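To keep things clear, I will list the structure first and then write my remarks on it.
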Amino acid sequence: MSMGKGIVISKDTPAEEVERLGQNECADCVHCCSYGAGIVLPDEKKRLAAFFEMPDAEFETLYLESHELFNTKVHKFKTERKQGRPHGRCIFLTDDGCSIHRIKPLHCRVGTCTELGEQISLWFTLNHLVNPDDPESIRQWAVYLKTHDTIPGGELHHLVPDKEKLKKILSYEILR
């Protein structure tokens, strides 16, 4: 994996440092927002709903879509898709940029379309999507690792240090 500028982000890099690195790299080009939308973590959903002065459920209905990644249910902002394409621009992207810039969620703030973007994306995935306590999440991550690199701390033996337990998870002896 190309680490970019000699900087190595690990699973254990503090969120504040990852955010700082991402913001330093981000050119505010809105490319990311033009082809997708950010993941909204549960505590962020409450904060955003409060900002819009509406109940969480109403905010979710109006602005969020459910997704599942690595057996983890998440919400992403809705996108405006054209011609049946699987991608589209974030509903909060306007001609003037992000309309919720000052309150946007962490996934949007960390800037994943930069030289450090791959590492930052993996950091987010490992800290918010891959669940070491969920055998199916670990199995899905193991499949991902067959064709992709990871960052330090994202190796299976770091996520599940007990070798016997990891073996049982990967052989489906442990289902839940």
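What is the one condition in (1) buried (at least 18 other Cβ atoms within 10 Å of the Cβ); (2) out of contact with any Ser or Thr (no Cβ under 8 Å at 6 or more places or on another chain); (3) modelled with pLDDT under 90; (4) assigned to a helix (DSSP H, G or I) that CYS32 does not satisfy?
Here CYS32 meets the rest and fails (2).
Would you point out the residue of region 37-87, among those that are within 23 Å of PRO132 (Cβ to Cβ) and among the acidic types (Asp, Glu), that is surrounded by the most Cβ atoms within 10 Å (Cβ to Cβ)?
Residue satisfying both the conditions and the ranking: GLU44.
Of all residues in region 116-164, which are loosely packed, with under 15 Cβ neighbours inside 10 Å and among the hydrophobic types (A, V, I, L, M, F, W, C)?
VAL143, LEU145, listed by residue number.
Can you name every residue in region 101-112 that is surrounded by fewer than 19 Cβ atoms within 10 Å (Cβ to Cβ) and either modelled with pLDDT of 90 or more or part of a loop (DSSP other than H, G, I, E, B) (or both)? I'd like the intermediate steps shown before the answer.
Let us first name the residues in region 101-112 that are surrounded by fewer than 19 Cβ atoms within 10 Å (Cβ to Cβ), namely 101-103, 109.
Residue satisfying the conditions is ILE103 alone.
Output the residues belonging to region 49-81 that are assigned to a helix (DSSP H, G or I) and either of a type in the set (S, T, N, Q) or over 30 Å from ILE138 (Cβ atoms) (or both). Please lay out each step first, then the result.
Here is the first cut: in region 49-81, the residues assigned to a helix (DSSP H, G or I) are 49-51, 56-63.
Scanning region 49-81 gives ALA49, ALA50, PHE51, ALA57, GLU58, PHE59, THR61, LEU62, TYR63.
Only residues that are part of a strand (DSSP E or B) and crowded, with 17+ Cβ neighbours inside 10 Å: list them for region 88-99, please. So that I can check it myself, show each step before the final result.
Residues of region 88-99 that are part of a strand (DSSP E or B), as a first pass: 88-90, 93-94, 97-98.
Those that are part of a strand (DSSP E or B) and crowded, with 17+ Cβ neighbours inside 10 Å: GLY88, ARG89, CYS90, LEU93, CYS98.
The values are calculated or read from the model by the stated rules, or taken from the named source; none is laboratory data. Not measured: the values here are computed from a predicted model. No Cβ is skipped: glycine too gets one built from the backbone with ideal geometry, and neighbour counts run over all protein chains shown.
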